[in-house]
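The values are calculated or read from the model by the stated rules, or taken from the named source; none is laboratory data. Remember, predicted model here, so these are calculated numbers, not experimental data. Glycine gets a Cβ as well: all are built from the backbone with ideal geometry, and neighbour counts include every protein chain shown. Each accessible area value is taken on the protein alone, full model and side chains, heavy atoms only, with ligands, DNA and RNA left out. Shrake-Rupley method; radii C 1.70, N 1.55, O 1.52, S 1.80 Å.
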Amino acid sequence: MQPPLPAPPPGPGPVDDVLHDADWAGEARSALACAGSLLGVSLGIDACAREPTLLGTVGWIALATLLLVVLLPARVGAAPDLLVVRGLWLTRTVRIDRLTSVSWPEGTSRRLVLRDDEGSRAEVDLRVLLANPALWLRIEAGAHASRRRGFLTRGTADLARLSVHVHAETTRSVLKVSGLE
């Protein structure tokens, strides 16, 4: 599998400037295992209950494929000033140094919505940011740079609220892992 962002060209900066969602591979394997299990169990039950038909087999394959599409997480990567969210069919790229809007709706939404001055839009699942604090820090730094430059006009309250939430969750995780909670 290729990473969501190409490796930066050799130059004066460090090669590890591109950050990736470290949990993506495990979540993708889990999605594949769930879909494969559904297919295997469905075909097994179908074979035991009656003679399998072509139409029934195609139906179970379609259902397992649909489950895989629903469960497969987007791949998130961040280079300096750039965020890439690669879904199954779409890749969305946002310039985080030129954000115009940051939205984290209250309630049940667990996604951060980012828009830049070119009209590009990307959504990032909050679980990805909580599991990868370096990704969050890169997005936060880009948002602050956008605000300083006058690009970020909407969503500063959401950004502040999300910042407090992510930092609190990260602190809670560190305390729990270290046994201090």
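Test Leu38 against the stated conditions and say whether it is in contact with a helix residue (DSSP H, G or I) (Cβ under 6 Å, 6 or more places away or on another chain) and farther than 30 Å from Arg138 by Cβ. In short, yes.
Being in a helix (DSSP H, G or I) and within 24 Å of Glu27 (Cβ to Cβ) holds for only one residue in Leu159, Leu112, Leu135, Leu175, and it is Leu135.
Which residue pairs have Cβ atoms under 6 Å apart, sit 6 or more places apart or on different chains, and have a first residue in region 42-69 that is farther than 22 Å from Glu27 by Cβ and outside any helix (DSSP H, G or I) and a second that is open to solvent by less than 50 Å² (accessible area, probe 1.4 Å) and not β-branched (Val, Ile, Thr)? Pairs that qualify, where the first residue is farther than 22 Å from Glu27 by Cβ and outside any helix (DSSP H, G or I) and the partner is open to solvent by less than 50 Å² (accessible area, probe 1.4 Å) and not β-branched (Val, Ile, Thr), are Pro52/Asp46. Suppose we keep only residues that are of a type in the set (Asp, Glu) and either surrounded by 14 or more Cβ atoms within 10 Å (Cβ to Cβ) or touching a residue at least 12 places away in the same chain (Cβ under 8 Å) (or both) within region 141-181. Which one would you say is nearest to Val128 (Cα to Cα)? Out of the qualifying residues, it is Glu169. Just one of (1) over 19 Å from Leu19 (Cβ atoms); (2) touching a helix residue (DSSP H, G or I) at 6+ places or on another chain (Cβ under 8 Å) fails for Thr153. It is (2). Counting residues in region 43-66 that are open to solvent by 70 Å² or more (accessible area, probe 1.4 Å), modelled with pLDDT under 90 and among the polar types (S, T, N, Q) gives zero. Within region 86-110, the set of residues being crowded, with 16+ Cβ neighbours inside 10 Å, over 21 Å from Gly150 (Cβ atoms) and free of Cβ contacts under 8 Å to residues at least 40 places away in the same chain comprises Arg92, Thr93.
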